[in-house]
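Written out below as structure tokens is the structure these notes cover.
What follows draws every value from the coordinates through simple rules; no lab data is involved. A quick note: this is a predicted structure, and the numbers were derived from the prediction, not measured. Cβ: placed from backbone, ideal geometry, glycine included. Neighbour counts: every protein chain shown.
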Amino acid sequence: MSGRWLLAQRPFMVRDLVRDYCTVFRLLSEQRTRFAMDGTVSYSALRDLLGAPLQKGVFWRLKDTAHHLFRNAPGTGSPREENIMLWQYAASPLPEGMSVQNPVEALIDWCVGYAFHECSKLKEDAFQRQHYAGRLAQLGRHAAVAEELYAPLAALGQQTAESLDRELERIMHVLSHGLTLMIRYLTHEGDNCHLARWLACEEALARSVFGPLFPVVLEALYPGRPQRLYTLAAEGLMSSGRSGGALALLQQAEERSLLDAEGKHLLQQLRHQALQKDALILCVDCVHYERPQGPPCLECSGAAL
């Protein structure tokens, strides 16, 4: 994986980092709520979240993205005193496996990796709780199982539940702190239209994860101009040929009074373009369209007005 490729893909990878982090945070928050309600954690949900080497789940992809961004990308940091020299794995493309990491980037990378491996333990304990703990309790109630045979094992089911509780607490503590680190990291991403597009289109998810910190996210990205999120997101949609999506996004932002002068101007342009496009569609079967010397049809006359 070349440094040039990583540099070109960086805006997309930053978007993926935030998107997948929010997805992982929400899914694990749901498991913590479930555990608080009935003392169980879904093994299948954690299995899908983590995935496997040949079919990686969103958490595995998040870990890979963090490693690519913060361990392998050239120019991540400079050898100043405040930066950190990181000893890489043998697979590192950098000389002697060494890289320079910014402290915030190093800590985000650590949080993601730690939470991922802690979640792997959580998944195994969820399997134990779901299958072996229930089976042990069933055996303990069987008349053929003597007390002296069952008693030495009886406490293990409860110990597994306690492990689940501790692992969930550690994971959510680490990921929650990672959100504050993410805000520090995003201070230089104010021109990333791919990130803005995701934040605007999936605002409900981002707000649910960051909670009261979401306005802080916008201030970090767009100091003094949080409304720039919607303009930049619309520009990102337009660059990918989705002018209709950009128009819809800006209209929704306008209804919520979230557009500044720049956003309102872009919305006006998109509305004008949409009217022109509608007029052209009406003209396709019009005599005036086929023969300019003929009179326009009623539809075209109305569109012209």
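A few points about this structure:
- Sites Arg34 and Gln268 - FRET efficiency at Förster radius 41 Å, r taken between beta-carbons, to 0.05: 0.30
- Long-range Cα-Cα pairs in the stretch 152-273 (distance over 17 Å), rounded percent: 63
- Look at the dipole of the stretch 192-262 built from charges on Cβ: of Leu221, Ala248, His194, the Cα furthest out on the positive end belongs to His194.
- For Gly51, residues with placed amide H under 5 Å, excluding near neighbours: Gly57
- Highest average packing first - 172-179, 195-202, 102-109, Cβ atoms within 10 Å: 195-202, 102-109, 172-179
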